[in-house]
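Derivation of every value follows stated rules applied to the coordinates shown; laboratory data play no part. Please read these numbers as outputs of a predicted model, since none were measured by experiment.
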Amino acid sequence: MPRNTSNNPSASLLDLPAGAISSGTATDKALLSAATKEAYKRVNLLLSAYFEDFSPAQQRRIREAIGASAHPKPPKQAKVPKVPKAPKAPKEDLPPRFWLPFSGETWSGRGRPPAAFLAWEGTVAHTEWKKRHPGERFPTYPG
């Protein structure tokens with residue numbers, strides 16, 4: 001779609017190639033200079049007003065287009081020092097709750113049962129013990 005031209009004389013000067021203006025009169029150069037300053041002010045105003053609304057990738061491309069030193073990054077905020085966490089209490093050895101009388105292996109009842117307890121569950125000894133202690137899974141530790 002063709003661009004509509006403006007009645008503003010500075011706008012028509014912007015449409016001309018740079019080589020055509022160099023041979024122009026002093027008035028044309030002054031008009032071009034005024035139009036350039038006005039365009040610079042508008043671009044600067046728009047960038048300063050809406051720069052934070054651009055995505056980080058767009059901000060990076062804008063900085064590259066105008067030069068990195070032309071628009072410095074905003075100063076980084078000081079990081080808040082992390083408060084060290086209180087040290088955890090050392091794990092205490094829990095007293096055993098269950099034991100296997102034939103091997104003497106013990107278990108506190110927390111976490112997964114040890115392999116020896118799981119292996120004992122399928123044996124004939126476990127079945128006989130279970131008949132005498134129907135509500136328990138493993139023998140309790142004496143003491």
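Remark: the V80-S108 segment gains 5.8 nm on full extension, using 0.36 nm per residue and subtracting the alpha carbon distance. Gain on full extension, evaluated as 0.36 nm per residue between E136 and L94 minus their Cα-Cα distance, stands at 13.1 nm.
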